[in-house]
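Read through the structure below, which is laid out as structure tokens, and then see the notes.
Derivation of every value follows stated rules applied to the coordinates shown; laboratory data play no part. Everything numeric here is computed off the predicted structure, so don't read it as measured data. Backbone-built Cβ (ideal geometry, glycine too); neighbour counts: all protein chains shown.
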Amino acid sequence: MSEQKVVIVTGAGSGIGQAIALRFARDGFKVVLNGRSEDKLKKVASEIGAENCLIVAADVSRPIDVVHIINKTIEAYDRIDVLVNNAAIFVGGTIKEVTLEDWNRQMAINATGPFLMIKAALTYLEKSKGSVVNVSSVSGLGGDWGAFSYDATKGALNQLTRALALDFGPLGVRVNAVAPSLTDTDMAAPVLGNAETMVDFKKRIAMQRAGSPEEVADVIAFLASEQARFVTGAILPVDGGLSASNGQPKL
């Protein structure tokens, strides 16, 4: 077994996932890059260096693809130390607008995907006494207007995190999550590009700006590190102070 630690990052082709992959590479990990677009993953791999990463294009909502990700990782590196479940999609709309297909696809990637990945990786995480970090959202801590289905997936992911932390604690495997708010990614581009909406966001976010993918990645790296060795079951907001408010307006 290689002595160099190994991290799997799902949704690693852009945004927060890309920042996570680059951060772990800087920390000396071998990085398994997963996503559905091989072209995007190749761009990230070019920044890391082919000798330090493995590309596995696959859909985490498909059990057969998840087995493929784990098998390729073990074939290449023979260990898994950290699993970061970052892959997610967003479908907005009210319950009148969101279809059953929308609901099922979003739940499959955002909640079932992490379940499948953790289940498949657990044997190897037990061996390494490793950790799981799930990328949730402040949308799992409270409701959003017109985003009930996305919120439901992130709420499910938060409860998955807490309950698995209880089950895995005796195994020496830690399970935590980060809960970002507005972050400067392609997914958030419509919000970031709307000046009126950004005024409203700045009223709610104490630091009065969007977060960066790198700021989220830094917290994930901490949760996966020995510095957080007694932290499990935590849902850590990375939100610039948004969740510090009780919702009442500034007077």
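Assorted remarks:
- The chain, helix-only ellipticity at 222 nm - DSSP H runs n ≥ 4, -39,500 (n - 2.57), divided by all residues, nearest 500: -13500 deg cm²/dmol
- Under the Karplus curve 6.51 cos²θ - 1.76 cosθ + 1.60, θ = phi - 60°, whole-Hz ³J(HN,Hα) for the stretch 150-164, x wherever Gly or Pro sits: 5, 4, 5, 5, 6, x, 5, 5, 5, 5, 4, 4, 5, 5, 5
- Note: relative contact order over the chain, using C-alpha pairs below 8 Å and six or more positions apart, is 19 percent.
- Degrees, to the nearest 10: 15-26 long Cα axis against longest axis of the chain: 40 degrees
- Beyond 20 Å in Cα-Cα separation lie the following of the pairs LYS202/LYS250; LYS43/LYS129; LYS5/LYS43; LYS43/LYS154; LYS72/LYS127; LYS40/LYS154: LYS43/LYS129; LYS5/LYS43; LYS43/LYS154; LYS40/LYS154.
- Residues TRP145, TRP103 arranged by fewest to most Cβ contacts within 10 Å: TRP145, TRP103
- Assuming charge only on the beta carbon of Lys and Arg (+1) and of Asp and Glu (-1), the dipole of the chain about its Cα centre is about 360 debye to the nearest 20.
- Residues LYS127, LYS5, ranked from the fewest to the most other C-beta atoms within 10 Å, line up as LYS127, LYS5.
- Near ALA206, once Lys and Arg are set to +1 and Asp and Glu to -1 for all other residues with Cβ below 12 Å from its Cβ, the sum equals +4.
- Between VAL60, VAL132, SER149, the Cα set farthest toward the positive side of the dipole of the chain (charges on each charged residue's Cβ, about the Cα centre) is that of VAL132.
- Taking the Kirkwood radius as Rh and the Cα radius of gyration as Rg, the stretch 156-251 has a ratio of Rg/Rh equal to 1.06.
- Sum of side-chain charges, GLN159 neighbourhood, beta-carbon under 15 Å (Lys, Arg +1; Asp, Glu -1): 0
- Dividing the radius of gyration of the alpha carbons in the chain by their Kirkwood radius gives 0.96 for Rg/Rh.
- Here VAL44, VAL175 are placed in order of increasing Cβ neighbour count within 10 Å, fewest first, which gives VAL44, VAL175.
- Per DSSP, loop chymotrypsin sites (Phe, Trp or Tyr not before Pro) in the stretch 152-235 with at most 16 further Cβ within 10 Å: PHE230
- Theoretical gain in end-to-end length, GLU226 to ASN104 [0.36 nm per residue, Cα-Cα removed]: 40.3 nm
- Net length gained if the chain between PHE115 and ILE74 were fully extended (0.36 nm per residue, minus Cα distance): 12.9 nm
- Crossing angle, helix 38-48 versus the chain [Cα axis fit, 0-90 degrees, rounded to tens]: 70 degrees
- Whole-Å semi-axes of the stretch 1-150's equivalent ellipsoid (Cα gyration tensor): 28, 16, 14
- Surrounding net charge for VAL60, when Lys and Arg each add one and Asp and Glu each subtract one, Cβ distance under 13 Å: +2
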